[in-house]
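The values are calculated or read from the model by the stated rules, or taken from the named source; none is laboratory data. Please read all numbers here as calculations on a predicted model, not as lab measurements. A quick note on method: Cβ atoms are made from the backbone with ideal geometry, for glycine too, and the neighbour counts reach across all protein chains shown. To get the accessible areas, we keep the full protein, side chains included, count just its heavy atoms, and leave off ligands, DNA and RNA. Shrake-Rupley method; radii C 1.70, N 1.55, O 1.52, S 1.80 Å.
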Amino acid sequence: MFVLLNITVGFLFAQSQTSLPNTKEKYTHSISLNEKRIVEGKLEFKTKGQFPLEWKLFFKAKEGDFAVFYDWNGHELHCKYRRNKFDRDGEEFAKDLIPGNPYRLKGEWIGFYYYPKDERGKRKVSFEKKSLPADKEEFADVQSIPLFKLLEYKEIFSDELLY
């Protein structure tokens, strides 16, 4: 009797799953996979001389005076959110950042970290902080990390209903 009841419930559950509306596109995340990546922004700077000031990225963590964000490829963008460790206003400004959540960022570009090569042609472990104007070849390097002054951020929420 128990087996018959179990099979009936399983059959009804399978029928209810197939009766859901068939959507053509699966929900992936609040940030589209087609959104501009940091590498694409670097290439845009190399060709046009202009780096985007607005991004849709995921928050990773706070490191020192910087909030670290990343894109779908895992490339990072560091955003300065406070002047120094005693800046309470900056800490209050960035208190709502949650790791893994998507954000729309606006800021101004202040420089980049560059990992130079040593005399053997190998990457050095320590970076050099470079200011503007940037050398196009150094900035477009895959290992360079853009630095921003974070002016505004807003968490991105999905408008889709999830089943």
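Here are some notes:
- With a requirement of 1 or more residues that are in contact (Cβ under 8 Å) with a residue 60 or more places away in the chain and open to solvent by less than 90 Å² (accessible area, probe 1.4 Å), the strands (runs of 3 or more DSSP E) lying completely within the stretch 53-163 that satisfy it span 54-63, 66-70, 76-80, 102-114, 145-155.
- Hits in the stretch 47-95 (condition: under 17 Å from Lys149 (Cβ atoms) and of a type in the set (A, V, I, L, M)): Leu53, Leu57, Ala67, Val68, Leu77, Ala94
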